[in-house]
Amino acid sequence: MSNIWTIARREYKLFFFSPIAYVFLFVTLLLLGLFFYLDLFFAVTTQQFVPGAQRTIQLYIFPMLFLGIPVLTMRTIADENRSGTLELLLTAPIHDWELVIGKWLGSLLFFLTSTLVTLVYPLILNFQLDPGIDWGVVISAYTGLILLISTMCAVGVSVSSFFSNPVAAMFASLGMMIIFWIIGSPAQVTGGTFTQVLGYLGFPDHFYDSFMRGIIRAQDVIFYVSMTIFALALGSTSVETRRWR
Amino acid sequence: MIHVSNLTKEYGNRRAVNEISFKVEKGEIVGFLGPNGAGKTTTMRILTGYLPPSSGKVEIGGYDIMEHSIQARRLIGYMPETVPLHQDMTVYEYLKFMADLRKIKNAKQRVNEVLAQLHLEERASGYISKLSKGLKQRVGLAQAILHQPEVLILDEPTIGLDPAQIIEVRNLIRQIGKQHTVLLSTHILPEAQQVCNRVLIINKGNIIAEDTTEHLQARLAGSQRVILRVRGEISPLLPLIEHTPGVLRISRQNDDTLEFETPHAEDARPQVARAAIEAGFELLELHAVSLSLEEIFLQLTHEDAPVPMTTSEPAEQ
């Protein structure tokens, strides 16, 4: 366990070593703030709608999932492989899975930090609105978001372990995320067992229909947790088989 | 401490290491010599558990490197040839990170000790990416000795260092070698001669010689070359000693010097000396020149090269 923590801590620090993380945080949070301000502005001037607490998440989810996570997790293992530092990590007395989980945990902690900052918007909204906002929905939505981030980070780290070129890893994990984002769509139109299975695998379906509406269902939690575990297991196997290649 | 038996590694169809076996005992410093692509790095990578062998067995301190990998890896300190370090960390951060992975108690204290031992204190807060090649090499060595490993495996440890640092690193290796086991690869032959108790010469995946440096020289040179120098013209002496028993080949090097060969088993030096003095020559010099390790190495690793001491036929072409 302590090995995982050692690796995660280094990984977390590394995000703040590269300018990419700062630029990502700055741009994402700036845009979020701008949209939030516009929402409030229109709500006040037109007096027609009340901005929801989930609005921030809706805006935040896309730059993070389709830019932030693929770009920032691309180097986690691919870079260690390219620069040769993987050789020293894999000859140190640590298990391959400890390395992969450590990398995932470090990435997850970084995106949690970023997500934590976005909580200021529901807080502001709470002060602006009377009688405040529905915190139950906020808690549920953020729980779902964290699970989604965890799964996506696991996919990113796992994909990274297959490559020694970070850019290739980035495109591959971006592709994976798009696939899992749209894979469930056919199930909404047609029936059939196959499309139903695909429908179950869709990442957004377990999020928008439940967590975003303030419902925390065990089946959705289990879905994200098991997808995370599956991706991490795949990543560990990939690191292990790397030795044999 | 290191026990390798019938180790083979294949990359596709190419056999990089071919059924090699050797042992390294505790407290030994063993040099791994060979030309580029001989299989040194591959062997070391298998020994450290980075690559799995195609067949054969490696035991480190009694632990099989495949079956009890973690226990075996705990005993090993390893510095790869390219010294891959995390460029984005400071020297201190990096060593602390490696110390934590090794679960060293009092990690901070130990890191400071190693920093002092390798004269890296002043660079401790500098980023690794900004270090020169020689300093990176020292950081690589520092991470290898952090946990005071039973077995130290060093791939080309002195490459890229300046002469003063080379001497320091060699002294350090000798010092570590007193209590621990060291296996180092090198292509600098005097280094092997100075540092190692024993050398393994590897070529094309096979161990072609294994012995102490002294024995290797003696064994490979079945006979020794002897230089004889007298005052004045030496030519009249030639026919006199030509028929002395034990003198093999004789050649005049200079006006006053000649060289002959004599087998170790039947050293002709005393007879030659007597003959020269009895004939009224003033003997100035009579000494054996052994083959340098360099010559032996070339003999062993170049198939086509003529082997001067064992064949009398000149190479064709």
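The values are calculated or read from the model by the stated rules, or taken from the named source; none is laboratory data. From a predicted model like this one, the values you see are computed outputs, not experimental measurements. Glycine also receives a Cβ, built like all others from the backbone with ideal geometry; neighbour counts cover every protein chain displayed. Protein only, heavy atoms only, side chains kept; ligands, DNA and RNA dropped before computing areas. Shrake-Rupley method; radii C 1.70, N 1.55, O 1.52, S 1.80 Å.
Among the conditions (1) assigned to a loop (DSSP other than H, G, I, E, B); (2) out of contact with any strand residue (DSSP E or B) (no Cβ under 7 Å at 6 or more places or on another chain); (3) surrounded by 15 or more Cβ atoms within 10 Å (Cβ to Cβ), the only one that residue B:232 does not satisfy is (3). Scoring residue B:238 on the criteria (1) part of a helix (DSSP H, G or I); (2) open to solvent by less than 70 Å² (accessible area, probe 1.4 Å); (3) in the same structural domain as residue B:10 (by TED's automatic domain parsing); (4) of a type outside the set (Phe, Trp, Tyr) leaves a single failure, condition (3). The set of residues in the stretch A:1-45 that are surrounded by 17 or more Cβ atoms within 10 Å (Cβ to Cβ), closer than 23 Å to residue B:90 by Cα and β-branched (Val, Ile, Thr) comprises A:4, A:6, A:7.
This table checks each residue for (1) within 16 Å of residue A:93 (Cα to Cα); (2) within 13 Å of chain A (Cβ to nearest Cβ); (3) open to solvent by 30 Å² or more (accessible area, probe 1.4 Å).
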{"site": "B:90", "(1), (2), (3)": "no, yes, no"}
{"site": "B:102", "(1), (2), (3)": "yes, yes, yes"}
{"site": "B:119", "(1), (2), (3)": "no, no, yes"}
{"site": "B:126", "(1), (2), (3)": "no, no, no"}
{"site": "B:130", "(1), (2), (3)": "no, no, yes"}
{"site": "B:148", "(1), (2), (3)": "yes, no, yes"}
{"site": "B:152", "(1), (2), (3)": "yes, yes, no"}
{"site": "B:158", "(1), (2), (3)": "no, no, no"}
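If a residue must be more than 11 Å from every other protein chain (Cβ to nearest Cβ) and not in a helix (DSSP H, G or I), how many such residues does the stretch A:2-51 contain? Matching residues across the stretch A:2-51 total 5.
Contact annotation: residue pairs with Cβ atoms under 9 Å, 6 or more positions apart or on different chains, pairing a residue in the stretch A:58-83 that is under 19 Å from residue A:22 (Cβ atoms) and away from every other protein chain (no Cβ under 14 Å) with a partner that is assigned to a helix (DSSP H, G or I) and among the basic types (Lys, Arg), are A:73/A:103. For residue B:85, only one of the following conditions fails: (1) in contact (Cβ under 8 Å) with a residue 60 or more places away in the chain; (2) facing chain A (nearest Cβ under 10 Å). What is its number? All conditions pass for residue B:85, except number (1). The residues listed here are B:22, B:32; of these, the one that is more than 20 Å from residue A:239 (Cβ to Cβ), crowded, with 20+ Cβ neighbours inside 10 Å and under 25 Å from the mean Cα position of the chain (by Cα) is B:32. Filtered by the rule that a residue be open to solvent by 40 Å² or more (accessible area, probe 1.4 Å), at pLDDT below 85 and hydrophobic (A, V, I, L, M, F, W, C), the stretch B:241-278 gives B:248, B:250, B:265.
For residue B:93, the requirement of being among the charged types (D, E, K, R) and touching a residue at least 24 places away in the same chain (Cβ under 8 Å) is not met. Listed by first and then second residue, the pairs linking a residue in the stretch A:19-43 that is free of Cβ contacts under 8 Å to residues at least 40 places away in the same chain to a residue that is part of a helix (DSSP H, G or I), with Cβ atoms under 6 Å apart and 6 or more places separating them unless they lie on different chains, are A:35/A:59. Condition first: assigned to a loop (DSSP other than H, G, I, E, B) and under 21 Å from residue B:176 (Cβ atoms). Now tell me which residues in the stretch B:23-44 satisfy that. Within the stretch B:23-44, B:25, B:26, B:27, B:28 qualify.
Every condition in (1) within 11 Å of another protein chain (Cβ to nearest Cβ); (2) of a type in the set (Ser, Thr, Tyr); (3) in contact with a Pro (Cβ under 8 Å, 6 or more places away or on another chain) is met by residue B:8 except one, and the failing one is (1).
Number of residues in the stretch B:45-74 that are more than 9 Å from chain A (Cβ to nearest Cβ), part of a loop (DSSP other than H, G, I, E, B) and open to solvent by less than 40 Å² (accessible area, probe 1.4 Å) equals 3.
When the stretch A:74-92 is filtered for residues that are of a type in the set (A, V, I, L, M) and either open to solvent by 10 Å² or more (accessible area, probe 1.4 Å) or part of a helix (DSSP H, G or I) (or both), the ones remaining, listed by number, are A:74, A:77, A:78, A:86, A:88, A:89, A:90. Tell me which of these residue B:173 doesn't satisfy, since it passes every other one: (1) in contact (Cβ under 8 Å) with a residue 12 or more places away in the chain; (2) hydrophobic (A, V, I, L, M, F, W, C); (3) over 25 Å from residue B:41 (Cβ atoms). That leaves (3) as the condition not met.
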